[in-house]
Amino acid sequence: MKRLTTLILFLVMVMAGVEILLPKLVSDAVAQGLRDQTGSAKVTAKVDKSPAIFMLGGQFDRVLADASDVKTDKVTFRNMHIALGGVAVNMQSLLFGRKLELKNVDDVEVTATLAQEEIANYLNSSVKGVKNAVVTISSGKVEVVSALTFGSIARVDVKLEGRVIGDRENRRIKFVADRFWINNSPVGSIGGALLTEVPLVDLKKMPFGVNVRDVVMEQGQVIIYTDNRG
């Protein structure tokens, strides 16, 4: 009887240890895998499964992760929150290779924040002729002030007011101008083809197969809400 009691106590201690240690081990491995997928050097993750021992089968109820400075092909997000539900992974690759190979994900929600300074950096570095662009984002509106040069022929001062919007059909996030000035004279969109519509994010190149759900402009930043629904 004493031996049976000791064995039961030992098994209870082992299971308790598994419940404490295994979620952290798996969460750390998922965070490393997400670092590779997002290009971020700083990712934290939390994996949920009850009981935790079932994690060893590669099935997770939910994965929550936060990443900063997430790099895409065009811009860098200030931060990104990732919520995955009904997740199945290759457990061998995860634990021994620290690689996140997804077999299945039922639900995906990704919320990303894009700072006004990053949009300005992108315009200055990637849009031909744009120099010294300054971007100001307020509630529901984006203002761009810049110089536009045409080689050594001409230089004009431009100002645009517009929005960052989601294009569900093409799975993109882009800036579109509603109003356009050249040297303080309003010209609508005439002569502004270079800046009246600028693609910022190609969602097809992001992980998890998401599409845009909503775009919110607030002071100094744009918050992009995406999911895999619809």
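Kindly list, by first and then second residue, each pair from a residue in region 136-155 that is exposed (fewer than 13 other Cβ atoms within 10 Å of the Cβ) to a residue that is of a type in the set (Asp, Glu), limited to pairs with Cβ atoms under 6 Å and residues at least 6 apart or on different chains.
Matching pairs, first to second residue: Ser139/Glu218.
Is there a residue being of a type outside the set (Lys, Arg) and closer than 21 Å to Val212 by Cβ anywhere in region 41-56? I'd like the intermediate steps shown before the answer.
Filtering region 41-56 for residues of a type outside the set (Lys, Arg) gives 41, 43-45, 47-48, 50-56.
Pick out the ones that are also closer than 21 Å to Val212 by Cβ and you get none.
There is no residue in region 41-56 that is of a type outside the set (Lys, Arg) and closer than 21 Å to Val212 by Cβ.
Can you spot a residue in region 162-169 that is free of Cβ contacts under 8 Å to residues at least 12 places away in the same chain and charged (D, E, K, R)?
yes
Tell me the strands (runs of 3 or more DSSP E) entirely within region 31-131 that contain at least 2 residues that are in contact (Cβ under 8 Å) with a residue 40 or more places away in the chain and closer than 30 Å to Lys141 by Cβ. I'd like the intermediate steps shown before the answer.
Values: elements: 42-48, 59-71, 76-89, 102-115.
Answer list for region 31-131: 76-89, 102-115.
Go through (1) among the charged types (D, E, K, R); (2) surrounded by fewer than 17 Cβ atoms within 10 Å (Cβ to Cβ); (3) under 21 Å from Asp69 (Cα atoms) for Arg168 and report which single condition fails.
(3)
Just to be sure before I move on: is Phe208 assigned by TED's automatic domain parsing to the domain that holds Leu123, modelled with pLDDT under 90 and surrounded by 14 or more Cβ atoms within 10 Å (Cβ to Cβ) in the structure I sent?
Considered against the rule, which asks whether it is assigned by TED's automatic domain parsing to the domain that holds Leu123, modelled with pLDDT under 90 and surrounded by 14 or more Cβ atoms within 10 Å (Cβ to Cβ), Phe208 comes out as yes.
Out of the residues in region 132-179 meeting the condition of being of a type in the set (Ser, Thr, Tyr) and part of a strand (DSSP E or B), tell me which one is farthest from the chain's Cα centre (by Cα). Give the steps one after another, and end with the answer.
Within region 132-179, the first condition is being of a type in the set (Ser, Thr, Tyr), and the residues that meet it are 136, 138-139, 146, 149, 152.
Among the residues that remain, those that are also part of a strand (DSSP E or B) are: 136, 138, 146, 149.
Working: Thr136: 21, Ser138: 21, Ser146: 27, Thr149: 33 Å.
Selected residue: Thr149.
Given (1) on the phi > 0 side of the Ramachandran plot; (2) modelled with pLDDT of 95 or more, identify the lone condition not met by Gly129.
It is condition (2) that Gly129 fails.
The values are calculated or read from the model by the stated rules, or taken from the named source; none is laboratory data. No experiment lies behind these values; they were computed from the predicted model shown. Please note: Cβ atoms are built from the backbone with ideal geometry, for glycine as well, and neighbour counts cover all protein chains shown.
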